[in-house]
Structure formats: C-alpha cells, structure tokens
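Quick one: this structure, given as structure tokens, is what I'll be asking you about.
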Amino acid sequence: MGQIYERSAAFNVMVRLDDASRNDVASVGFLPLHTVHGNYVPLRAVADIYETNGRYQVSHLGAQRTQTVTANVTGRSAQSFVQDARTAIAKNIKLPLGTYVQFTSAAEAESQSRKELFINSGLAAIAVMILLSIITQGWRNLALILVNLPFAFVGGILAIIVSGTTLTLGATVGFVTLFGITLRNSVMMISHFETLVEREHLTWGVTTALRGARDRVVPVLMTSLVTALGLAPLAVDMNAPGREIEGPMAAVILGGLMTSMILNLFVLPILAVKFGSFSENETGVPETLFK
C-alpha cells in the first residue's frame, strides 16, 4: 500500500487482512480508502479485485529474492554446460539492475573440486619428481621413466572417446591414478636394468635390455591385470546412476593401463638402449653413469 524510505533503501508496506476479510472477495471490495480530499471511497471503486493463484513462498538468499532454475545435464560435463550457459546469458539476456545469475550445485562443486585436485596433484608431482631425481641421480633415466606418461595418456584419451564420455572430474581423477601406476611400472623396469648392470655385471646393450624386459613381463602384467579386473565392473556400466565419478575414472585407468603396459614392455627397452647409459666404474664398485 506504500513505501517507507530510509536513506537510500525503500521498504514496501504490506497490508494483511484478518481471516474473515481476506477469504471473501466481496468484503475486500468494501474496504474504505481515504482520499487526499478527506473523502472515503470503497476499494472496489478504484481497483479490480479477484482471486488468483500466486507464489505461497518467496525464497531469499543474503537478504535478496532468489529464483531457482534447475536442469539435468546429460551427454556432456556440467562444467562445459555452465560455460555455454554463461556465454548465452551474457549475449542474449539483459538483466534488470540489481539482478545477477549464479551457478551452484554440481557445477560449482565440480569446479571447486577440480581446482583443489590440480593444486594437490601439482604439489604431489613436484614431490615425486624430486624423489625420482634423487633415486636416478641423473636426467637420462629420469626422462626414460617419465616417457611412459604419454603412453598412458594416449590410452586414457582413447578410452574417453570410445566410451562417449567427457573429461569430467572422475576422468581427471583417473588420469592422476593412472600416472601413479604407470610411473611405478617404469621405475620397476629402469631399476631392473640398473640391477643387471651394477650387480650382475652385464654389459649394457640390446641383449641386456631384452633380458630386463623379459624379467619384468610378469610383474608389469600382474600389476596391470589386477588393477584392470578390479575396475572392470565400474567401467562396464559406467553410465548407471551413482557412477558419475567412478565410471569415467575406471574407463580412463583401463584404457591407459592397456597402452602403457604394451609400450612399457616393447618401446621402453628400445628407448633405454638408445638413450640410457648403465656401466660400472674402474674400481669395480657398481654405479650408473648418466651423461
């Protein structure tokens, strides 16, 4: 019925009638209005009074009214949907003054989780690199260990394409886990090469590399197959409700394990022969040389 102004803020004045009056449309029409000239007129003389449906609850957040719009995203990631929605709203919709759009729920949670995952994974990667550099004591064997990461990455990307999924948070977690397993297999292979040269005093070359790869076939296969068998049930029905995280993660790990296992056994020994340098020093004390 009016407004009260306090500095720059305006507050609406609402009238709430008693139960008997507001439940009878005719009674509302007889409410008297006091004019500026001192006369009284019934409300029905200046207004159309009728009964209609309206919102029974007005939601507020942070002392502001809110209107919630929900959507179920299928066939793509929530993050890409939000990005397209932001672009479309900014381009096609002119919001009233004081009104803004905020994306929450799964999209906000996924974005926050992705940021935390990248930060924690980056810190873990730095720590792993430092430890590997101390163990290998040179850049050549460290590069041979890290070269298996692209092998696993290719398999993970192929798994995403074949399964028809997208790079969701679950797939990102799968890549982090996959890289850890892949590095373990690479370290196991390179360390065995060093053992053959330093402890068994074999001359480094194609024959030694083939023997090292042959000795590591069973450990690498067992690591990959046991992991694959454990994740296979999640990847088979990855689109089932409740598997939005585990499904893409399992698919990425399975695909990456297949390519990294094959390339680790067949390509890594060839690269080691080409770029690795393992030998003993003249005093007979075993050591690995990295030139």
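Would you confirm, using the coordinates I've provided, whether Ala171 is at pLDDT 85 or above, under 19 Å from the mean Cα position of the chain (by Cα) and among the small types (Gly, Ala, Ser)? Write out each step before concluding.
On the way: at pLDDT 85 or above: no; under 19 Å from the mean Cα position of the chain (by Cα): yes; among the small types (Gly, Ala, Ser): yes.
No; evaluated as a whole, the condition is false for this residue.
Could you tell me which residue of the range 44-63 is surrounded by the most Cβ atoms within 10 Å (Cβ to Cβ), considering only residues that are at pLDDT 80 or above and more than 16 Å from Asn23 (Cβ to Cβ)?
So, considering only residues that are at pLDDT 80 or above and more than 16 Å from Asn23 (Cβ to Cβ), the one surrounded by the most Cβ atoms within 10 Å (Cβ to Cβ) is Arg44.
Within the range 127-145, is even one residue under 30 Å from Arg76 (Cβ atoms), assigned by TED's automatic domain parsing to the domain that holds Leu271, among the aliphatic types (A, V, I, L, M) and within 26 Å of the chain's Cα centre (by Cα)?
The first filter runs over the range 127-145 and keeps only residues under 30 Å from Arg76 (Cβ atoms), leaving none.
No, because not a single residue in the range 127-145 is under 30 Å from Arg76 (Cβ atoms), assigned by TED's automatic domain parsing to the domain that holds Leu271, among the aliphatic types (A, V, I, L, M) and within 26 Å of the chain's Cα centre (by Cα).
Still on this structure, I have one more. Those residues that are in a loop (DSSP other than H, G, I, E, B), small (Gly, Ala, Ser) and surrounded by 10 or more Cβ atoms within 10 Å (Cβ to Cβ), I need them from the range 7-39; list them, please. Step through it out loud before you land on a result.
First, pick out the residues of the range 7-39 that are in a loop (DSSP other than H, G, I, E, B): 7-8, 14-18, 23-24, 30-31, 35-39.
Cutting the leftovers down to small (Gly, Ala, Ser) gives us 8, 38.
None - no residue of the range 7-39 is in a loop (DSSP other than H, G, I, E, B), small (Gly, Ala, Ser) and surrounded by 10 or more Cβ atoms within 10 Å (Cβ to Cβ), so the list stays empty.
Ok, one more. Return only the number of the condition from (1) part of a helix (DSSP H, G or I); (2) free of Cβ contacts under 8 Å to residues at least 24 places away in the same chain; (3) of a type outside the set (S, T, N, Q) that Phe81 does not satisfy.
All conditions pass for Phe81, except number (2).
Another one. Quick check on my filter: what residues within the range 236-268 are within 18 Å of Phe175 (Cβ to Cβ), among the aliphatic types (A, V, I, L, M) and either touching an Asp or Glu at 6+ places or on another chain (Cβ under 9 Å) or not in a helix (DSSP H, G or I) (or both)?
Residues satisfying the conditions are Met238, Ile245.
Considering only residues that are hydroxyl-bearing (Ser, Thr, Tyr) and more than 30 Å from Gly98 (Cα to Cα), which ones fall in the range 1-47? Quick ask: steps written out before the conclusion?
Just the residues of the range 1-47 that are hydroxyl-bearing (Ser, Thr, Tyr), to begin with: 5, 8, 21, 27, 35, 40.
Passing the criteria: Ser21, Ser27, Thr35, Tyr40.
Further question: Hey, can you tell me all the residues within the range 269-291 that are part of a loop (DSSP other than H, G, I, E, B), exposed (fewer than 14 other Cβ atoms within 10 Å of the Cβ) and either modelled with pLDDT of 85 or more or not β-branched (Val, Ile, Thr) (or both)?
Asn281, Glu282, Gly284, Lys291
Please tell me if Thr87 is surrounded by 10 or more Cβ atoms within 10 Å (Cβ to Cβ), modelled with pLDDT of 80 or more, within 29 Å of Ile245 (Cβ to Cβ) and in contact with a Ser or Thr (Cβ under 6 Å, 6 or more places away or on another chain).
On the way: surrounded by 10 or more Cβ atoms within 10 Å (Cβ to Cβ): yes; modelled with pLDDT of 80 or more: yes; within 29 Å of Ile245 (Cβ to Cβ): yes; in contact with a Ser or Thr (Cβ under 6 Å, 6 or more places away or on another chain): no.
Judged against the criteria, Thr87 is not a match.
Of the conditions (1) aliphatic (A, V, I, L, M); (2) in a helix (DSSP H, G or I); (3) within 23 Å of the chain's Cα centre (by Cα), Ala71 clears all except one; give me its number.
Every condition holds for Ala71 apart from (2).
Would you check if there is a residue in the range 219-233 being in contact (Cβ under 8 Å) with a residue 24 or more places away in the chain, buried (at least 20 other Cβ atoms within 10 Å of the Cβ), within 23 Å of Leu132 (Cα to Cα) and in contact with a strand residue (DSSP E or B) (Cβ under 8 Å, 6 or more places away or on another chain)?
Scanning the range 219-233, I find no residue that is in contact (Cβ under 8 Å) with a residue 24 or more places away in the chain, buried (at least 20 other Cβ atoms within 10 Å of the Cβ), within 23 Å of Leu132 (Cα to Cα) and in contact with a strand residue (DSSP E or B) (Cβ under 8 Å, 6 or more places away or on another chain), so the answer is no.
The values are calculated or read from the model by the stated rules, or taken from the named source; none is laboratory data. Bear in mind that the values here come from a model prediction, so they are computed numbers and not experimental data. Heads up, the Cβs are rebuilt from the backbone with ideal geometry, glycines too, and the neighbour counts pull from every protein chain shown.
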